[in-house]
Amino acid sequence: MAGNLNELFQVAPDVASALAEGRPVVALESSIIAQGLPHPDNLTVAAAMHRAVRERAAVPAMTAVVDGRIRVGLDEDGIARLVHPDCWKCGARDLGPAVAAGVVGATTVSAALRISAALGIRIFATGGIGGLHRADRAPGVLGRLDISADLMELARAPVAVVSSGAKSLLDLANTLEILEALGVPVFGYRCLEFPAFYTAKSGLPVMRRFDEPQVLAGALAAHWSLPGAGGALICNPPPAHEAMPADEVEALVVAALKAADAAEVSGGALTPFVLSHMATASAGRTLAVNSALAIANADLGGEIADALPDSAE
Ligand code: PSU
Ligand code: MN
C-alpha cells in the first residue's frame with residue numbers, strides 16, 4: 001500500500017476541497033450499507049445519512065474500495081456498486097489485499113478509520129461499533145476470542161467515532177474494558193449510560209457525559225493536543241421514539257446467536273447474520289431502530305465536525 005497516495009486514493013472533489021480548506025468532513029463506512037442492512041433500506045439509509053451530514057454544513061465522505069483504489073466520497077453510482085453479493089467486507093487489514101485484487105469492497109469501522117486517519121478526517125459516524133463477541137455462545141466456541149478490529153483501530157486513528165455504543169450482540173462490559181485498556185475515551189452525548197445499539201440501556205457507564213456539541217468538540221481537541229492520542233468513542237443513544245426495551249433486545253440476540261451456532265456461522269459473517277436474523281425475528285423493528293440511529297449519528301457527526309475548533313485551520 002506504500003507508494004503514491006494520489007494513485008491509491010480517489011477523493012471526491014467536494015471532499016478534497018473541504019479538506020484543503022479546513023471545512024468540516026464526516027467520514028462514513030460502507031459495510032453498514034453492503035452487509036449490515038438489507039436492500040433497498042440500505043440505499044435509503046445511505047442517502048439519509050448523506051443528507052443529514054450536509055444539513056449540518058459538513059461534507060459526507062463514504063469510503064470503499066472500487067476498481068483497485070480507495071474511494072473517499074461516494075456518489076449514488078458508487079454506492080450502488082457495493083450492493084452485490086461479491087462485495088468484500090473490508091476491515092483495516094483487508095484494504096491492501098482488496099486494492100491489489102481490484103475487487104469492490106465495503107469498509108467496516110476499522111477500515112474507514114484507517115482511511116480517515118490517512119486523510120486527516122477527524123469525525124466519523126456509523127450505527128454501532130464492533131467489539132468483543134460473547135464467549136458463551138456454544139461449547140465449541142467457548143473461550144475463543146472474536147474481537148473486532150474496530151477496537152484496535154480506534155486506539156490508533158485520531159478520529160472520533162460517533163455511534164450508538166457497540167452492537168447488542170457483543171459482550172459490552174468487556175468491550176468497555178478493552179476500550180479502557182487501549183486508552184480510548186468513551187463519551188456520552190446527553191447520556192451517562194453506555195448505549196447498546198437497539199436499546200439505550202446496558203447498565204454500564206460511559207466515562208463522561210456531554211450535553212453540548214461545542215463542549216464535546218473542545219474535549220476532543222484537548223485529547224488530540226497530546227502527542228500520540230488516538231481515537232475517541234462518542235455514544236449517542238438510539239432515538240427515543242425508536243429505541244427498544246433492553247429485555248426484548250436480549251431475547252432477540254440470544255435467539256439469533258443460537259441460530260448462528262446451529263448454522264456454524266463465525267468470523268466476519270457473524271455480525272451480518274445476527275443483524276439480519278434479528279430484523280426478521282422482530283418483523284423489521286430492529287431494522288427501523290438501526291436505520292434511525294445511523295441517520296441520527298450522521299447528524300450528530302455533522303454537528304460535532306462543525307464545532308471542532310481546528311476545522312477552520
Ligand atoms: N453499524 C451498523 N451496522 C453494521 C456495522 C456497523 O449499524 O453492519 C458494521 C460496521 O462496519 C462494523 C462491523 O465495523 O459491523 C463490525 O463487524 P465485526 O464485528 O465483524 O468486526
Ligand atoms: Mn470478528
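Of note:
- Once the Cβ-Cβ distance of Ser17 and Asp211 is raised to the sixth power relative to R0 = 41 Å, the FRET efficiency obtained is 0.80.
- The length gained by stretching the chain between Phe9 and Ala181 to full extension, at 0.36 nm per residue less their Cα-Cα distance, is 58.7 nm.
- Paramagnetic label zone (point 7 Å from Cα along Cα-to-C-beta, Val254; backbone N under 12 Å) in the stretch 163-183: none
- Summarising the strand pairing of the chain, around 30 percent of its internal DSSP beta bridges are antiparallel.
- Seen from a random direction on average, the alpha-carbon convex hull of the stretch 67-223 projects onto 10.8 square nanometres.
- Cα centre as origin, Lys/Arg/Asp/Glu Cβ charges: the stretch 180-305 dipole, Debye: 100
- For Ala232, residues with placed amide H under 5 Å, excluding near neighbours: Val159, Ala160, Val161
- About the centre of its Cα atoms, the stretch 95-254 shows a dipole size close to 400 debye [charges on the beta carbon of Lys, Arg (+1) and Asp, Glu (-1) only; nearest 20 debye].
- Between Ala222 and Asp136, the C-beta separation translates, for a Förster distance of 41 Å, into a calculated FRET efficiency of about 0.55.
- Net charge, Pro213 excluded, C-beta distance under 11 Å - Lys, Arg +1, Asp, Glu -1: -3
- Surrounding net charge for Thr126, when Lys and Arg each add one and Asp and Glu each subtract one, Cβ distance under 10 Å: -2
- Summing Lys and Arg as +1 and Asp and Glu as -1 over all other residues whose Cβ lies under 14 Å from the Cβ of Gly203 gives a net charge of -3.
- Relative contact order (percent, whole number), the stretch 22-126, Cα cutoff 8 Å, 6+ residue spacing: 36
- Nearby aspartates and glutamates by direct alpha-carbon distance to Lys89 (threshold 17 angstrom, same-chain neighbours under 8 apart not counted): Glu29, Asp67, Asp146, Asp150, Glu153
- Spread of Cα-to-Cα distances over 20 Å intervals beginning at zero, given as percent, for the chain: 36, 59, 4
- Only helices enter the 222 nm calculation for the chain: every DSSP H run of n ≥ 4 contributes -39,500 (n - 2.57), and dividing by all residues gives -13000 deg cm²/dmol, rounded to 500.
- Cut-off under 5 Å, modelled amide H: who pairs with Ala200 long-range: Met244
- Cα shape, the stretch 163-260, gyration tensor, a/c 1.5 rule: oblate
- Anisotropy class assigned to the stretch 1-94 is oblate, per the alpha carbon gyration tensor with a/c at or over the 1.5 cut-off and a/b no larger than b/c.
- Helix runs (DSSP H) in the chain reaching 30 Å along axis by Cα, Kyte-Doolittle at least 0.5: 285-307
- Under the shape rule built on the C-alpha gyration tensor, where the axes satisfy a ≥ b ≥ c, the stretch 2-57 is oblate, since a/c reaches at least 1.5 while a/b does not exceed b/c.
- Relative contact order (%) - the stretch 158-313, alpha-carbon pairs under 8 angstrom, separation at least six: 30
- Averaging the sequence gap over all C-alpha pairs within less than 8 Å and six or more residues apart, then dividing by the number of residues, gives the stretch 15-74 a relative contact order of 38 percent.
- Between the stretch 6-44 and the stretch 84-157, the Cα center-to-center distance that results, in Å: 16
- Proxy reagent accessibility, fewest Cβ within 10 Å first, across Phe210, Phe197: Phe210, Phe197
- Charge dipole of the chain (Cα centre as origin; +1 on each Lys and Arg Cβ, -1 on each Asp and Glu Cβ, all else neutral): 240 debye, rounded to the nearest 20.
- Taking amide H positions as modeled 1.01 Å from N, with prolines and chain starts lacking one, the residues under 5 Å from Val72 and 5 or more places away or on another chain are Gln10, Val11, Ala12.
- Ranked by how many other Cβ atoms sit within 10 Å of their own Cβ, fewest first, the residues Ser225, Ser163, Ser291, Ser17 fall in the order Ser225, Ser17, Ser291, Ser163.
- Positive-end residue, the chain charge dipole about Cα centroid, Cβ charges, pick of Pro60, Leu19, Leu192: Leu192
- Taking Lys89, Lys201, Lys167, Lys258 and counting other C-beta atoms within 10 Å, the order from fewest to most: Lys258, Lys201, Lys89, Lys167
None of the figures in this text is laboratory data; all of them are computed from the coordinates on show. Please read these numbers as outputs of a predicted model, since none were measured by experiment. Glycine gets a Cβ as well: all are built from the backbone with ideal geometry, and neighbour counts include every protein chain shown.
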